[in-house]
Amino acid sequence: MPDRKTSWIVAVLLLTLGLFFVLVLYGAYRLMRPGKTEITQKSVLEVDLGGAIAELPSSSPLARLLDKDAVSLVDMDRAFRSAAKDPQITSVFLSVHPLGMPWAQVEELRDFLKEFKKSGKKVITHLQLDMAEEKEMYLASLSDEIYLNPDAGLLINGLAAEVEFYKRTMDKLKVEPQFLQFKEFKSAESYTREKMTPEFRSMLESILSDVQERFVQTVAQERHIEVRRLQELMKIGMAPASMALKERLVTALGYEDEIQTKFLPEKNKEYKSVSLGKYLKAVRDRSGKKAKQK
């Protein structure tokens, strides 16, 4: 009997201890859980762009927990569409860092921002890098105003591509790649050769020429400069900040705190802003539950 009684006491103590820990964890969760986000004042939507961006939101709960600020292209589309109709968002401030995304994504981001501008709200861009290259300049070109740090510059000297070849590696590993080849332009060049064939080179040059031509035509049109002059600047290759300003590739030179004053309609007003991540949460809070259909 004493042993049974002792077992019951131990069981009750363990249960009580377990409930206590559950309550502590729940209380900590309640304290740490972010509350409902609301944008109650007219604010500038701040967007930091740099590196690579995922096409879709992560489906992994762990990944979302470890990187709560991760934003995908789908998220950006939603944010810009909402901001265009949101009376509390006055404009978009892009802080552009070195872009690690492909040209297709840069083009898609430009489309999102062009749709946003149809609302009549401005897009102002700050090129926050030592040397802005073609991708950064192409994205920024649609902006109403482009700012560059006074000690920075533009490195626009044409597009290039690098191709790696693994045939010698395969030979050393005694691996024989086997592929089906359909004509001259359909082959696994990197694994079967040590250098480009004339057909492979012409294909690559054709792609680069198309992208570069689009860059030249678009930037020249957006920045209101002649195509020929932009091509001449690309032959020079590098334009320091003063030259970029003189050639109208950027609107003005300045640092972030100086640029923020441009958003103030009146003097003695405080700069109000909201980050992209915080704004996305506010958009989700407004929309309520997730749609059943996906």
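Summary of computed values
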| quantity | calculated |
| --- | --- |
| Relative packing of peptides 272-283, 213-224 - highest average C-beta neighbours within 10 Å first | 272-283, 213-224 |
| Approximate spin-label separation Ala104-Val175, in nm, with each point projected 7 Å along Cα-to-Cβ | 2.5 |
| Residues with amide H under 5 Å from that of Arg193, placed H, sequence gap 5 or more | Tyr166, Lys167 |
| Extended-chain gain in nm, criterion 0.36 nm per residue less alpha-carbon gap, Glu164 and Ser119 | 11.7 nm |
| Heavy-atom surface of the stretch 131-247, accessible at 1.4 Å and reported per residue (Å²) | 65 |
| Residue (of Leu142, Leu154, Pro240) at the positive-pole extreme of the stretch 137-294, dipole from beta-carbon charges | Leu142 |
| Assigned charges on the beta-carbon of Lys, Arg, Asp, Glu; the stretch 165-247 dipole about Cα centre (debye) | 260 |
| Length added when fully stretched, Arg286-Ala188, from 0.36 nm per residue minus Cα-Cα | 30.3 nm |
| Using distinct alpha-carbon pairs, which all enter the 1/r mean, Kirkwood radius of the stretch 93-201 in Å | 17.4 |
| Estimated inter-spin distance, Lys195 and Leu17, nm [label 7 Å along Cα→Cβ] | 7.4 |
| Highest to lowest packing among 128-138, 148-158, 198-208, scored as the average C-beta count within 10 Å | 128-138, 148-158, 198-208 |
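The values are calculated or read from the model by the stated rules, or taken from the named source; none is laboratory data. Note that the coordinates shown come from a computational prediction; the quantities given were computed from them, not determined experimentally. FYI the Cβ positions are ideal-geometry reconstructions off the backbone, even for glycines, and counts take in every protein chain you see. Ligands, DNA and RNA are stripped out before the accessible areas are found, and what is left, the full protein with its side chains, is counted by its heavy atoms. Shrake-Rupley method; radii C 1.70, N 1.55, O 1.52, S 1.80 Å.
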